[in-house]
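These notes concern the structure reproduced below.
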Amino acid sequence: MATGGGSSTDEAESEKVVIEQRLLKLDEVFVYKIPAMKTADGFFAADWNLATPLATCSLIVNRRDDSLCINIMADRPKANAPPGATESYLFAQSIIQVKSAKSSHKLEHWVEPVVDSSRYFAMRIRDSRSGREAFIGIGFRERNDATNFRMTMEDYVAA
C-alpha cells in the first residue's frame, strides 16, 4: 500500500534522534602548546614547560551517538555585561570515533598518554573549517581527575 509523499527511508533519516550523554565534567584542566614528538617512544610532559600552561579550562566529555566528544571550555569576559561577568566558549575539541564503520583508528590516535606521567595526555584536535589537525597537551592537577578521564575513554571503547 502506497503512503504517498515520501519513502519510509527518507522519513527515518529525517527523524533520526541524536542521543547525547554527559559522561564527565572536570572544572580544571591545563592546556599546553606542545612540541612535535621527538622520538617514536611518545610524548613527554617534561618537554611542555608545565609551569606555564597556555590556558586553564574545564573539560566536558559527552557521548553523541557513536562518537565521544571531548570539549575543552574556557572563560572570557562577557560583552556588554557587568564587570567580572564571564561566558564559556569552546577552546578546543576532539571528536573520537572508534566504533563507527568510518574509522579504523584506535583511541590512542586521538588521546595518547605521555610516557613520563599519569596526569598528562596529548590530544589530537581538528579545525572543523580547514580540516587541519594538531596535538595539544592536557594535564590535570589531581591524579584522580586524570584517572577519571582515562577511565571514561576506556568505558566508551568497551561499551
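Looking only at residues of the range 105-138 that are of a type in the set (Gly, Ala, Ser) and touching a strand residue (DSSP E or B) at 6+ places or on another chain (Cβ under 9 Å), we find that the one that is nearest to Ala55 (Cα to Cα) is Gly137. Considering the range 93-114, and only residues there that are open to solvent by less than 70 Å² (accessible area, probe 1.4 Å), among the β-branched types (Val, Ile, Thr) and not in a loop (DSSP other than H, G, I, E, B), the residue that is modelled with the highest pLDDT turns out to be Val111.
Taking the conditions exactly as written (under 11 Å from the mean Cα position of the chain (by Cα), of a type in the set (D, E, K, R) and farther than 21 Å from Lys25 by Cβ), does Arg132 satisfy them or not? No. The number of residues in the range 115-129 that are more than 13 Å from the chain's Cα centre (by Cα) and either open to solvent by 50 Å² or more (accessible area, probe 1.4 Å) or of a type outside the set (Ser, Thr, Tyr) (or both) comes to 6.
When restricted to residues that are of a type in the set (Phe, Trp, Tyr) and either without any contact (Cβ under 8 Å) to a residue 60 or more places away in the chain or touching a Cys at 6+ places or on another chain (Cβ under 8 Å) (or both), the range 39-92 contains 2. Whether any residue in the range 115-131 is under 22 Å from Val18 (Cα atoms), modelled with pLDDT under 90 and not aliphatic (A, V, I, L, M) is what I want to check. Checking the range 115-131: at least one residue is under 22 Å from Val18 (Cα atoms), modelled with pLDDT under 90 and not aliphatic (A, V, I, L, M). The set of residues from the range 126-159 being part of a strand (DSSP E or B) and without any contact (Cβ under 8 Å) to a residue 40 or more places away in the chain comprises Arg126, Glu133, Ala134.
Among the numbered conditions (1) open to solvent by 70 Å² or more (accessible area, probe 1.4 Å); (2) touching a Ser or Thr at 6+ places or on another chain (Cβ under 9 Å); (3) under 18 Å from Ala55 (Cβ atoms), the only one that Arg141 does not meet is (2).
If you check Leu24 against the conditions, is it in a strand (DSSP E or B) and either crowded, with 16+ Cβ neighbours inside 10 Å or not charged (D, E, K, R) (or both)?
In short, yes.
The values are calculated or read from the model by the stated rules, or taken from the named source; none is laboratory data. Because the structure is predicted, anything quoted here is derived from the model rather than measured. With ideal geometry, Cβ positions are generated from the backbone for all residues, glycine too; neighbour counts draw on all protein chains shown. With ligands, DNA and RNA removed, areas are computed over all heavy atoms of the protein, side chains included. Shrake-Rupley method; radii C 1.70, N 1.55, O 1.52, S 1.80 Å.
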